[in-house]
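Chemist: Quick one: this structure, given as structure tokens, is what I'll be asking you about.
The values are calculated or read from the model by the stated rules, or taken from the named source; none is laboratory data. These numbers come from a predicted model, not from an experiment. Don't worry about glycine lacking a Cβ; one is built from the backbone with ideal geometry, like all the others, and counts go over all protein chains shown.
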Amino acid sequence: MNRTLKHLSLACTLSLFCSYNSNAADLQKGTGETDGYKLVWQDLFDNGSLDTAAWNVEVRNDGCGNNELQYYTTENVTVGADNHGNGCLVITAKQEEYGGSHFTSGRVTSQGKVSFCHGKIEASIKLPKTANGLWPAFWLLGEDIKSVSWPACGEIDILEMGHADGIRNNCQDRYFNGACHWGYYENGGYPNYGKSTAYRYSLQDGEFHLFTLYWNNEKVSMYVDQDKYPDVAPYYEMFINDKSSNVSPGNYFHHDFFLLFNLAVGGNFPQLYNKEEISALQQSEAKMYVNFVKVYQKGEDGDFIIYPKSEETSLKQITSTEHSIENNFIYDINGRLLESNYKNSSNNILIIKRDDSSEKIILKK
């Protein structure tokens, strides 16, 4: 796997990989660093405002290719507390007239700012009541979407709720799905695989639920509430190792992807296309809360890229004998946590974090 740093700057890596609050991390643990996975990035949404170095707020009313009814605005995306005081990304859907649309809502992406290839990705989400017409989603898109277009960029849907089948069967609060889309259009269609699940309990109960994606060279697997039920079976799995043809999934899921969260109103997924059909927003607004999102990786995983800020700082060059690197948190230039007793066998750029301070150094043999 090519691990070219692309646009990554050491200064940005240092600030974003080494500055998270360990106390907050303890309160928002998720599944943690299991099975060799190391935390490489997270947003705990506890700073009172959206980190624009990591996130874009989209403004659009084009239906997003799905005949959605909402106008996505910046005002519908905030960072604040839920009714229990948990710091969260908050996406609010409203019934209001705006720019020719009857509804407004929010959509955020990390496109061009945070992207990665493979790993364990998870988010803790408190879902709104979707009946009828709301469509919350947590998903990934290929970073190359601008050059190759969709679906050739690849899409991994970790969570979608509000489907028409859930409406018809009166089980919207526990009916959800995972899916993958890839390839290109041919004869009016394209390769995809989705799987819906009527879960054993409600996911719209006013509590946070953890949605986890495992993504490696072989397959993608998705789980709900694995922090509470470690032995739970995946609700979605798909192998992505086949590269035998130009529409095989293995040719579309081994490059950098970025994150998305949104709360759509109406459209193809719920199969509701008129204002009068959207009963979920007739009495009040609806909110989707994201308590945290985390990315873990193993050593064999691919890129993790944070695109640079304009400012950079200089490097300090020292020898390995001038500075002890024992009993410290040590990261490589990709932001991956190394062992604290790491032995430097050749010229490397490492990032040292000790207590609340950090230092960039070049260790020379």
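Chemist: Going through region 37-80 one residue at a time, which ones are outside any loop (DSSP other than H, G, I, E, B), over 30 Å from TYR273 (Cα atoms) and in contact with a Cys (Cβ under 9 Å, 6 or more places away or on another chain)?
Modeler: GLY80
Chemist: Whether any residue in region 178-196 is crowded, with 20+ Cβ neighbours inside 10 Å, in the same structural domain as LEU69 (by TED's automatic domain parsing), assigned to a strand (DSSP E or B) and in contact with a Phe, Trp or Tyr (Cβ under 6 Å, 6 or more places away or on another chain) is what I want to check.
Modeler: Yes: one or more hits.
Chemist: Could you check region 77-100 and list, in sequence order, the residues that are within 25 Å of HIS209 (Cα to Cα), of a type outside the set (A, V, I, L, M, F, W, C) and in contact (Cβ under 8 Å) with a residue 40 or more places away in the chain?
Modeler: ASP82, ASN86, GLY87, THR92, LYS94
Chemist: Let me ask something else. Which members of region 244-284 meet the condition of being closer than 18 Å to TYR185 by Cα and β-branched (Val, Ile, Thr)?
Modeler: VAL247, the sole residue that qualifies.
Chemist: Can you name the residue in region 39-53 that is of a type in the set (D, E, K, R) and either at pLDDT 95 or above or outside the structural domain of PHE261 (by TED's automatic domain parsing) (or both) and, of all such residues, is surrounded by the fewest Cβ atoms within 10 Å (Cβ to Cβ)?
Modeler: Here the residue is ASP51.
Chemist: Right, here's the next one. Pick out the one residue from PRO270, PRO234 that is out of contact with any Gly (no Cβ under 8 Å at 6 or more places or on another chain) and either within 18 Å of THR109 (Cβ to Cβ) or in the same structural domain as ALA179 (by TED's automatic domain parsing) (or both).
Modeler: PRO234
Chemist: Further, regarding this structure: Confirm whether VAL247 is surrounded by 19 or more Cβ atoms within 10 Å (Cβ to Cβ) and either in contact with a strand residue (DSSP E or B) (Cβ under 9 Å, 6 or more places away or on another chain) or not in a strand (DSSP E or B) (or both).
Modeler: The answer is no for VAL247.
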